[in-house]
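First the structure, in the form of structure tokens, and then the observations on it.
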Amino acid sequence: MKNSFKIISGIVLVLVLGSCGYDHQSSVFTTSSSVTSTIPDDQSANHTRVPWDYRIVQGTVGDLVGSDMTLLPDNVLLPNDNNYATGDAVWTLQFMDAQIATDARNRSQINLSSWITLKSYKDEQSAEKDIAELKETIVTEVDLVGVYKTEKAGETRQFAVITMPSGNAVKQPVSAEKYEALKKQTKAKVNVEQVHDFENYDTVYAKFRGWAQ
């Protein structure tokens, strides 16, 4: 995806909740098998479900069960859409989502689902092409709220607080050198990893991935 992709207002950040929902719709990444998370489907105001991560896993076709197949070593059942034979090597795209709950004191708790197998591929390159669109890193400029120091037992630690494009604040520890550089600035460039929902691409979970400069 190009770096010009705009982070939507519904982005949810690692430390603070945004307001995006988890709207399930059909997509090219959906298989004919039902995809179910281990996370309760709670849509109350203080709970938010977000796409969390993707990975590519190599496996081997096991038993053929009607029009489906099992994938070893975990015996995951998937549609045999590519007419695989027992013993064939395949690559699968796996997905993990999360539920973030915030209590009355604005403290957050994150519960992760198990890995969910979405789709199979005959070669790793095809799987990498899909995952590159679902999980991407961009460089963007954000507002720098400020920097501060704390001291405990004779040790000093430095922190920076930034405001992401969704309006949520993220606190990150920084080195003494980075602290000195940032305290003179009102803006900062950061690396952001955008994780898109495979069923609704516009649902995005954004993770801070370091300083861009």
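The values are calculated or read from the model by the stated rules, or taken from the named source; none is laboratory data. Just so it is clear, the structure is predicted and the values come from calculations on it, not from any experiment. Heads up, the Cβs are rebuilt from the backbone with ideal geometry, glycines too, and the neighbour counts pull from every protein chain shown.
Within the stretch 167-186, the residues that satisfy the criterion of being assigned to a loop (DSSP other than H, G, I, E, B) and under 25 Å from the mean Cα position of the chain (by Cα) are Gly167, Asn168. Taking the listed residues Leu71, Leu134, Leu64, the one that is hydrophobic (A, V, I, L, M, F, W, C), crowded, with 18+ Cβ neighbours inside 10 Å and farther than 21 Å from Asp202 by Cα is Leu71, with no other qualifying.
Selection over the stretch 97-112 of residues that are touching a strand residue (DSSP E or B) at 6+ places or on another chain (Cβ under 6 Å) and surrounded by fewer than 17 Cβ atoms within 10 Å (Cβ to Cβ) gives a count of 7. Look at the stretch 128-141: where a residue is more than 18 Å from Phe208 (Cα to Cα) and a partner is assigned to a strand (DSSP E or B), sitting 6+ places away or on another chain with Cβ atoms under 7 Å, you get Glu128/Ile56; Asp130/Leu93; Ile131/Tyr54; Ile131/Ile56; Ile131/Leu93. Screening Phe159, Phe198 for residues that are at negative phi, in contact (Cβ under 8 Å) with a residue 12 or more places away in the chain, of a type outside the set (A, V, I, L, M) and surrounded by 18 or more Cβ atoms within 10 Å (Cβ to Cβ) leaves exactly one candidate, Phe198.
Against the definition (at pLDDT below 95 and either buried (at least 19 other Cβ atoms within 10 Å of the Cβ) or of a type in the set (Gly, Ala, Ser) (or both)), how does Val50 come out, yes or no? So Val50 passes the test. Per the conditions (1) in contact (Cβ under 8 Å) with a residue 40 or more places away in the chain; (2) more than 24 Å from Arg55 (Cβ to Cβ); (3) among the aliphatic types (A, V, I, L, M); (4) in contact with a Lys or Arg (Cβ under 6 Å, 6 or more places away or on another chain), the sole criterion not satisfied by Val147 is (1). Considered as a group, the residues in the stretch 78-114 that are over 24 Å from Ala132 (Cβ atoms) and part of a strand (DSSP E or B) include one that is modelled with the lowest pLDDT, and that residue is Ser108.
Conditions (1) in a strand (DSSP E or B); (2) touching a Pro at 6+ places or on another chain (Cβ under 8 Å); (3) over 19 Å from Val139 (Cα atoms), marked per residue:
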site	(1), (2), (3)
Thr150	yes, no, yes
Arg157	yes, yes, yes
Val161	yes, no, no
Pro165	no, no, no
Ala188	yes, no, no
Glu193	yes, no, no
Asn200	no, no, yes
Tyr205	yes, yes, no
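Filtering Asp81, Asp123, Asp97 for residues that are under 26 Å from the mean Cα position of the chain (by Cα) and closer than 27 Å to Thr203 by Cβ leaves a single hit, Asp97.
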